[in-house]
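A quick write-up on the structure given underneath.
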Amino acid sequence: MPLRPLSTSAPPRPARLRLRAGLIVGLGLMMLAGAAAFAESGGGKKNDGALPPLAEKLADATRLDGFVTVHVDRRAGKVWLEVPPADDDGIALRMLMIDAQATAVEAD
């Protein structure tokens, strides 16, 4: 077995892996603590805990009536679906989706 000097520039491989894992875990915990503190403080918004009315959210949206009513807000880049209330079975919407590709067969 070759002799190694006592002071090397890089620690042995297992020590480096432990150091990286410790750094990753430490940074992750700090990020979680920061996110929790941010959310607890209101997320940077002054809010009394109530959600804004839906009419306020959809004020700038274009309403498209159809099988499912769709509200498109181009400025915010959002699409809202209006789902009907659930029936007695707890099902809000029944749909049938068929995924097929039309092909043409050429006869010579």
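Determine, from the Cβ-Cβ distance of ILE91 and PHE67 and an R0 of 22 Å, the FRET efficiency 1/(1 + (r/R0)^6), rounded to the nearest 0.05. Can you show the working numbers first?
Numbers: r = 16 Å, r/R0 = 0.71.
Once rounded, the FRET efficiency stands at 0.90.
Calculated FRET efficiency, GLU82 and GLU56, Cβ-Cβ r, R0 22 Å, to nearest 0.05? Walk me through the numbers on the way to the answer.
On the way: r = 16 Å, r/R0 = 0.71.
In this case the efficiency is close to 0.90.
Report the full-extension gain for the segment MET31 to LEU19: residue separation times 0.36 nm, less the Cα-Cα distance, to one decimal in nm. Please report the intermediate quantities before stating the final value.
Values: separation 12, 0.36 × 12 = 4.32 nm, distance 1.82 nm.
The MET31-LEU19 span can extend by a further 2.5 nm.
Quickly work out the ARG75-to-ALA100 label distance, labels modelled 7 Å from Cα along the C-beta direction, and quote it in nm with one decimal.
4.4
Coordinate-derived values only; no laboratory data. Quick caveat: nothing in here was measured; it's all calculated off a predicted structure. Ideal geometry is used to build each Cβ from the backbone, glycine not excepted, and the neighbour counts take in all protein chains shown.
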